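Structure, as structure tokens:
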Amino acid sequence: MCGIVGYLGHKPLVPVLVEGLRRLEYRGYDSAGIAVVRDGTVHVRRSPGKLSKLEEVLGREPVDGEFGIGHTRWATHGRPSEENAHPHRDCSGRIVVVHNGIVENYLELRQELTAQGHRFCTETDTEVVAHLVEREWRDDGLAAAVRRALTRLRGLFALVLISADDPGTIVAARNGPPVVIGMGEDEYFVASDIPAILAHTREIAFLDDQEMAVVTREGVAFTDFAGAAREKTPQHVAWDPVMAEKAGYRHFMLKEIFEQPLAVRETIIGRTSAETGHVFLEEMKLGADVLAGIDRVVILACGTSWHAGLVGKFLIEQIARVPVEVDYGSEFRYRRPIVDGRTLAVAITQSGETADTLGALREATRLGARSVAICNVVGSMVTREAEGTIYTHAGPEIGVASTKAFTTQLVALHLLALAIGQARGTTPEELSRALVRELDQLPIRIEEALQVNDAIEELSASIQNRRDCLYLGRGVNYPIALEGALKLKEISYIHAEGYPAGEMKHGPIALIEEDLPVIVLAADDGLFEKVVGNIQEAKARGGRIIAITTHGQAPALEQVLTGGQDAVLAVPDAHPLVLPVLMTVPVQLIAYHVAVRRGCDVDQPRNLAKSVTVE
Ligand code: AGP
């Protein structure tokens, strides 16, 4: 959702804030703004639209200060206008706040504060925080006023505040969405996400829920909301700042697609033995005895991570022979799920901050489930709530459309399936060894799969002006059809449906008309001939087939697909259970090139945000 940054130090303030916001723009880009304190006065600059608009404002009306905060917004309450852009002020204009999340009781608070004489000038929920702190102001400083105000707030929020009346102090509070505190040399940073401050420091402390940080030039004091001191040691974050840049690629998304060989290698490395086929996942913190005792797995996730979960169901059932359910986070928690101490809840989330997934995980653990997270962000909320975490070492994913996080999630699910199967003794050693060998080969095969890029760039011209697209797949590749359709929808705004190929004749076939692009995942997985049958059905009705298959099966498909507009894209041959990773590459590239041709904003598609920290 929204991005937050704050700085107190010796560097020129505004560039630190603006650069920090640039690295957070993927979290929201409806408006941007900064507030700085200089000589006892708060100065605010804001603009609707992207960060570049704020930079134009700063060009016309430059400002500087001693410390300050900034915000990039994903609108929830109130239109994306200048007055609704953060930072928001109290009546005096001397207290300013930036906020990520939702203050659920803002209407009640607004009425109360209005009756007490406070004047509101925005439609946002955030503004109540500034007025509440103003009302709670005594002579004991900003942190104490914020603490009193917090007792009145309901909902999930990350708040960062400064005041002209408490010079050299930044106060941050977390109840839900992330807040990180960066510790440099005589300088301190506050942010909603690590990339904002990585260029300056890698020593980072993570606020927990119901915690505050009071940042001054003397250091950072951590407390709970009641003011009791909390001990916190900064962690060293190994992410390389260069990894968060575009490195010559036109878009983050393309860079991240091409980073997949490395990301997958990093996720596998050191976790397997090619000799024995064993996997080592100590960080999961669930011993073999616990894994041996589970009789069911429940996977909880949203969006692309949910698609990874669908592949995970297939993998865990095939490899470990344990029944698996996959649920949307937003559905699971409200359906009185049946869970007990023999259930393993697996929360899959790139960001580790998705509110629906976190809510579902909490519900599962409340009901007694054991838990593990599959996550890409060190120290994120989910990693602190689950018993253990299998980290995907994909590096920062900036493009809003998830790519390398997805393929590394698939690899992590392989490792999890093997760990469960090995603990239960249900995975034959030969299968373990074969899969570990296949995983070791994956980075090279992804590298080869990426060679379809040029062909896809060319064929994307024929999809660019289509209104609809159909994606079909079977078995373990059916979720890849869903993922391909989601990718196309979210970045090119073309309507796309993903379906199990065998289900097409039960309804979606009615959609097929002359030249409808039908993207078919035809894997060499024992279902190939059935998929060829489905291809014939679509082709007979005028569909324009783009078949994604393996090198081994490509010649057979080329014989079937002789139509001028049809196409066959091939990825390397591999074990059917690792094929979904390879089949993903072409569907990502199709979405990317179609979106580029349509002139869409690939990295920041409309209405979306990278981490969805509201329900
Ligand atoms: C992916 O392309 C999406 N933007 C979105 O579906 C995403 O996967 C979803 O919001 C879940 O995010 P998470 O993995 O950070 O929990």
For G507, work out the one condition from (1) of a type outside the set (S, T, Y); (2) away from the ligand (no atom under 16 Å from the Cβ); (3) in contact (Cβ under 8 Å) with a residue 12 or more places away in the chain; (4) open to solvent by 20 Å² or more (accessible area, probe 1.4 Å) it doesn't fulfil.
(3)
Among strands (runs of 3 or more DSSP E) completely within the stretch 387-500, the ones holding 2 or more residues that are away from the ligand (no atom under 16 Å from the Cβ) are 468-473, 495-500
Which residues, counting only those in the stretch 434-471, are free of Cβ contacts under 8 Å to residues at least 60 places away in the same chain and among the basic types (K, R)?
R466, R467
Is it the case that T357 is open to solvent by less than 20 Å² (accessible area, probe 1.4 Å) and either out of contact with any Lys or Arg (no Cβ under 8 Å at 6 or more places or on another chain) or at pLDDT below 90 (or both)?
yes
Strands (runs of 3 or more DSSP E) lying entirely in the stretch 1-75 (those with 1 or more residues that are under 23 Å from the mean Cα position of the chain (by Cα), basic (K, R) and under 20 Å from I95 (Cβ atoms)):
67-73
Requiring at least 2 residues that are at pLDDT 95 or above and crowded, with 24+ Cβ neighbours inside 10 Å, the helices (runs of 4 or more DSSP H) wholly within the stretch 85-203 are 127-135, 141-150
Scan the stretch 312-332 and tell me whether some residue there is within 11 Å of the ligand (Cβ to nearest atom), part of a helix (DSSP H, G or I), surrounded by fewer than 24 Cβ atoms within 10 Å (Cβ to Cβ) and of a type in the set (S, T, Y).
yes
Given (1) surrounded by fewer than 22 Cβ atoms within 10 Å (Cβ to Cβ); (2) part of a loop (DSSP other than H, G, I, E, B), index of the condition G352 fails:
(1)
Suppose we filter the stretch 523-565 for residues that are open to solvent by 20 Å² or more (accessible area, probe 1.4 Å) and within 34 Å of the chain's Cα centre (by Cα); how many remain?
6
Which count do you get for residues in the stretch 284-296 that are within 11 Å of A386 (Cβ to Cβ) and either among the β-branched types (V, I, T) or open to solvent by 60 Å² or more (accessible area, probe 1.4 Å) (or both)?
1
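The values are calculated or read from the model by the stated rules, or taken from the named source; none is laboratory data. Since we're looking at a predicted model, the values are computed, not measured. Note that we place each Cβ from the backbone using ideal geometry, even for glycine, and neighbour counts take in every protein chain shown. Side chains included, ligands, DNA and RNA excluded: accessible areas come from the protein's heavy atoms. Shrake-Rupley method; radii C 1.70, N 1.55, O 1.52, S 1.80 Å.
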